[in-house]
Amino acid sequence: MKLDGTDRAILNRMQDDLPLVSHPYAAVAEELGIPESEVLNRLTCMKDSRVITRFGPFFDAAAMGGAFCLCAMAVPTEEFETVLTKVNAHAEVAHNYERTHRLNMWFVLATETPEGIVGTADAIERETGICVLRFPKLQEFFIGFRVAA
């Protein structure tokens, strides 16, 4: 899929806070000067073509009694896609990245309780046969990460 100016405007706008109204996509569409149906159709198309892989809010799990943990795995190249599918099948996996390093799979777990980190990471190890290294959050940093489309 090739992005046009409208796709880019939608992606850039969607990275900001969504309006807290009963129809947030309609409000965004009005800001962008396009119909709500076009916003929704374009987001669906971008997701279906994997331009975006996930769309949703970020919650402060720790403030709600939960936990975050950065995890890494050394996945054999020939097994990467299979392991990726197994890891990403867990709802607790917030995002997952491939890296060019011995530890080539990095992902974040976000769980409802601190014990959920252990349970989920242990389940991934059982399912894949690969050790999940866990790097718990020691300090919170707010970097305002935003990708310009």
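Brief remarks on what is shown
- Consider the range 91-102 and keep the residues that are charged (D, E, K, R) and either open to solvent by less than 30 Å² (accessible area, probe 1.4 Å) or in contact (Cβ under 8 Å) with a residue 12 or more places away in the chain (or both). The one that is farthest from CYS69 (Cα to Cα) is ARG102.
- Which listed residue is of a type outside the set (Val, Ile, Thr) and in a strand (DSSP E or B), from CYS69, CYS45: CYS69
- Across the range 43-70, the number of residues qualifying as open to solvent by 80 Å² or more (accessible area, probe 1.4 Å) and at pLDDT 90 or above comes to 2.
- Condition met for GLU31 (acidic (Asp, Glu) and either closer than 30 Å to GLY129 by Cβ or touching a Gly at 6+ places or on another chain (Cβ under 7 Å) (or both)): no
- Residues in the range 129-149 that are surrounded by 11 or more Cβ atoms within 10 Å (Cβ to Cβ) and modelled with pLDDT under 75: ALA149 alone.
- Contact map, the range 5-17: residues that are farther than 15 Å from ARG54 by Cα paired with residues that are part of a loop (DSSP other than H, G, I, E, B), Cβ distance under 7 Å, separation 6+ or inter-chain. Pairs shown: THR6/ILE34; ARG8/ALA149.
- Within the range 100-110, being modelled with pLDDT under 95 and in contact with a Phe, Trp or Tyr (Cβ under 8 Å, 6 or more places away or on another chain) holds for VAL108, LEU109, ALA110.
- Residue count for the range 48-66, restricted to those that are more than 15 Å from the chain's Cα centre (by Cα), more than 19 Å from ASN96 (Cβ to Cβ) and part of a loop (DSSP other than H, G, I, E, B): 1
- Of the residues in the range 31-42, none is of a type in the set (Gly, Ala, Ser) and in contact with an Asp or Glu (Cβ under 6 Å, 6 or more places away or on another chain).
- Among the residues of the range 2-42, those that are assigned to a helix (DSSP H, G or I), open to solvent by 70 Å² or more (accessible area, probe 1.4 Å) and under 19 Å from ALA148 (Cβ atoms) comprise ARG8, GLU31.
- Residues in the range 87-102 that are within 20 Å of the chain's Cα centre (by Cα) and either part of a loop (DSSP other than H, G, I, E, B) or under 22 Å from ASP60 (Cβ atoms) (or both): ALA89, HIS90, ALA91, GLU92, VAL93, ALA94, HIS95, ASN96, TYR97, ARG99, THR100.
For (1) open to solvent by 80 Å² or more (accessible area, probe 1.4 Å); (2) within 16 Å of the chain's Cα centre (by Cα); (3) in contact (Cβ under 8 Å) with a residue 40 or more places away in the chain, each residue gets a yes or a no:
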residue: ALA72; (1), (2), (3): no, yes, yes
residue: THR77; (1), (2), (3): yes, no, no
residue: PHE80; (1), (2), (3): no, no, no
residue: VAL83; (1), (2), (3): no, no, yes
residue: ASN104; (1), (2), (3): no, no, no
residue: VAL108; (1), (2), (3): no, yes, yes
residue: GLU112; (1), (2), (3): yes, no, yes
residue: VAL118; (1), (2), (3): no, no, no
residue: ALA121; (1), (2), (3): no, no, yes
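The values are calculated or read from the model by the stated rules, or taken from the named source; none is laboratory data. What you see is a predicted model; the values in this text were computed from it and never measured. Cβ atoms come from the backbone with ideal geometry, glycine included; neighbour counts cover every protein chain shown. With ligands, DNA and RNA removed, areas are computed over all heavy atoms of the protein, side chains included. Shrake-Rupley method; radii C 1.70, N 1.55, O 1.52, S 1.80 Å.
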